[in-house]
Amino acid sequence: MIFSKEFRGVRDGEIYPTTFQPGDECPSELIDAAQSLEVLEVPESKKKDK
């Protein structure tokens, strides 16, 4: 999944947050948090389902 907005999150095993820019790949461990903040691009197949 790709970020659609800027997002700050801490990767597994790190203690400092990373700032992810739009277009960056979302690490699997941050997908739930990013989805809850609606900062991930919705794949075309899911847009059609709505």
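Here are some notes:
- Subset of the range 1-44 [touching a helix residue (DSSP H, G or I) at 6+ places or on another chain (Cβ under 9 Å) and among the small types (G, A, S)]: G9
- Index of the failed condition, F20 passing every other in (1) within 11 Å of the chain's Cα centre (by Cα); (2) modelled with pLDDT under 95: (2)
The values are calculated or read from the model by the stated rules, or taken from the named source; none is laboratory data. What you see is a predicted model; the values in this text were computed from it and never measured. Note that we place each Cβ from the backbone using ideal geometry, even for glycine, and neighbour counts take in every protein chain shown.
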